[in-house]
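Read through the structure below, which is laid out as structure tokens, and then see the notes.
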Amino acid sequence: MKIALLLLSAMFSLSAAAQADRFDKVQIKTTQLTKNIYMLEGEGGNIGVSAGEDGVLLVDDQFGPLTERILAAIKAITDKPVRFVVNTHWHFDHTSGNANFSQAGAVIIAQENLRKRLLTEQRIEFFKKPYGPLPPAARPTITFRDAVTLHFNGDEVTAFHAPRAHTDGDSIVHFPGANVLHMGDIYFAGIYPFIDYGTGGSIRGFIAAVDRALKIADDNTKIIPGHGPLSDKAQLQAYRNMLVKVSAHIRVMVKAKKTLAQVIAAKPTKVYDDAWGKGFLKPDQFAEVVYTSIAREK
């Protein structure tokens, strides 16, 4: 397939040339989770794949320049076409392949706030960078407010809204028959998560969304994170415990009128840094996004 999109900037502050070099080296890794469900890892958000007699459903689609490689990975699984793409949130490392897949016949589905974000230029306030808008072909054509269910490949695939979590348009996708959850960027496995408070995200919503997922999951549930390796319920519970304890610590300081500089100096994440602090968001940055989220609560 001819690539339909120009290279779009990701959440990371890299030059276009540096990003092009990075994409040139990207390989797509495929992990089979169940008979019909797979996880694809490349550059950007992890992709969920349901492949069966009805065709292929994707959860997220990474960057446009990777579409041909993603399609090659799908072809190794099935010769069926991609019929649906469900976006978990608006960030371009999860949605930049939309135009390519929709122009090839796939229907893009997302929570209604996500579509609104893709219609106009957005700004990730923390990184001080503007993004988009995406072209018309990349915008979801089916949207939902609270939840949508697709009867597909013998399963009832449900995407449900997680309000004000990573952004204001997040969805968690549940494959109940396969016992698989795709969390999008509500779950960063093994690293501190990013809260896009400038486009509606909040630490309170983050924790509420994780709690909802934990109620659905059991000890055998396979959990696909937005970033990081495949996980299970125990790992998601540990992530939830970290979020609760760090945010509670910072909340006390916010109520005490501590400044951001004072909060960062207090090292509220210190006991978790060895386990969680080696991702793209460093401990002081995670403390800052949690502080800002709490400070803006109404």
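The values are calculated or read from the model by the stated rules, or taken from the named source; none is laboratory data. Just so it is clear, the model here is predicted, and its values are computed rather than measured. FYI the Cβ positions are ideal-geometry reconstructions off the backbone, even for glycines, and counts take in every protein chain you see. Keep in mind that these areas ignore ligands, DNA and RNA; they rest on the heavy atoms of the full protein, side chains included. Shrake-Rupley method; radii C 1.70, N 1.55, O 1.52, S 1.80 Å.
Considering only segment 263-271, I want to know if a residue exists there that is open to solvent by less than 50 Å² (accessible area, probe 1.4 Å), assigned to a loop (DSSP other than H, G, I, E, B) and touching a Phe, Trp or Tyr at 6+ places or on another chain (Cβ under 7 Å).
Yes: segment 263-271 contains one or more residues that are open to solvent by less than 50 Å² (accessible area, probe 1.4 Å), assigned to a loop (DSSP other than H, G, I, E, B) and touching a Phe, Trp or Tyr at 6+ places or on another chain (Cβ under 7 Å).
Output the residue which, of all residues in segment 111-146 that are within 16 Å of residue 82 (Cα to Cα) and not β-branched (Val, Ile, Thr), is most open to solvent (accessible area, probe 1.4 Å).
The selected residue is 137.
Just name the residue that is modelled with the lowest pLDDT out of those in segment 255-289 that are hydrophobic (A, V, I, L, M, F, W, C) and closer than 15 Å to residue 188 by Cα.
Selected residue: 280.
Please return the ranges of strands (runs of 3 or more DSSP E) entirely within segment 19-105 where 1 or more residues are open to solvent by 20 Å² or more (accessible area, probe 1.4 Å) and acidic (Asp, Glu). Before the answer, list the steps.
Values: elements: 29-32, 37-41, 47-52, 55-59, 82-86.
Ranges flagged: 37-41.
From the residues in segment 208-235 that are crowded, with 18+ Cβ neighbours inside 10 Å and not small (Gly, Ala, Ser), which one is farthest from residue 36 (Cα to Cα)?
210
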